[in-house]
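These notes are about the structure you will find just below.
Please treat every number below as a calculation from the coordinates, not as lab data. In this text the structure is predicted, and so the values were computed from the model without any measurement. Quick reminder, even Gly has a Cβ in these numbers, built from the backbone with ideal geometry, and neighbours come from all protein chains shown.
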Ligand code: SF4
């Protein structure tokens, strides 16, 4: 019997906290916008499901290699995962399926061994629903923490993130709400009087190896101060919802937007209203076109944008840096506009310049690898006609040899080469050391000299606009 992993969401969810804590109007703006399905999110859910299954039953992810996880949804309110061999819950429909590959086995095995080490001497709780309604003053608020570990003096919260985008654990609202919820719920089951701090870990197996996972701790006073801020954010959000829904709004539309909408890169990242939010549109256009962020600026948008583009070749470095800062936010906003256009066009909207097409098909693959193998074997094909043999990757060989057979590893390691990383711009908060282009040891200047402003400007596009 396998564990069915089910997720339901409260509007003040822990995973959405960075949004509703920074923008009071977010929840009001999102009303009526359905959740959208993302294959990346489903792949992450499949990995979470596998991790939970292994931790709960004390088995290895290798035992599941080759099996298939089915992600399902029920009326858009709940979603979950089961192994292919298990029936879906009544009324649920399949959304996507994911093979447990060698790669997934490796990542999930790292996560499980990381959690198991942290849990030594403590009590391990997996996929634990925690309620933080009292902490933030709103009824029914809950979230599901991947892992909670109860030690006599500290609580440990571990969150598995399967994406490639690094998520900081420091002062992370999602983790702090899980912490507050754990303290609220678990006090009924455990003696938590001795707990002095909560230690939080975000484990991102695709970005880091197990021993390097960052963690951050805070004491209970700090957590209390955080939940007070969260409570204030909930009150502001409820106020925004109340005025948003009032037929004769105390505020007129524009005033409401100015009072309650606060765009920010992190806060807007997962907001469902991104594609229709006037505050985000204004901010993105202001940043990118160096516009004054005023209503007058927006009224003359066409003129101001064309004017701003004409200035691009002569912009000073500080202005370039100010525009570049908008990159992430702007890219996310354009994607949200695209998603909204796609949904409108799927409902029949037409436009003289845009149409719907079928994208490039995915790579061909065997529907069932085992069946294909059996069929090919029955054809008496030669081994080298059927199979590819390639040397395992350096990462896989390191795993196999470094600890178990260090002498062999010492002979193999010098055979590995690695292309140099491309020179790129990063925020000062990035942990990698900054490089000096004038350092003689770095042959950077030839690379940098290749770029000129001319390379970055598409003159045809500017001509079109002018
Ligand atoms: S897009 Fe950003 S500013 Fe607009 S409602 Fe969402 S979180 Fe608020």
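Couple of notes before you dig in:
- Ranked 391, 126, criterion: other C-beta atoms within 10 Å, fewest first: 391, 126
- Relative packing of 99-106, 136-143, 215-222, 316-323, which averages over residues the other C-beta atoms within 10 Å, highest first: 136-143, 99-106, 215-222, 316-323
- Compared with the alpha-carbon gap, the fully stretched path from residue 164 to residue 113 is longer by 16.3 nm at 0.36 nm per residue.
- Cβ-based exposure ranking for 203, 243, in which fewest neighbours within 10 Å come first: 243, 203
- Length-normalised contact order of segment 5-230 in % [C-alpha pairs under 8 Å, at least 6 apart]: 20
- Summary of the geometry: segment 164-231 and segment 51-71, compared by the centres of their Cα atoms, lie 26 Å apart.
- Modelled this way, with points 7 Å down the Cα-to-C-beta line, the labels at residue 90 and residue 321 are 6.3 nm from one another.
- With a simple spin-label model that places each label point 7 Å from the Cα along the Cα-to-Cβ direction, the separation between residue 78 and residue 363 comes to 3.7 nm.
- For the listed peptides 261-269, 11-19, a ranking on the average number of other beta carbons within 10 Å per residue, highest first, reads 11-19, 261-269.
- Residue exposure sequence - 357, 149 - by fewest surrounding Cβ within 10 Å: 357, 149
- Of the peptides 78-86, 55-63, the ranking by mean beta-carbon count within 10 Å, highest at the top, reads 78-86, 55-63.
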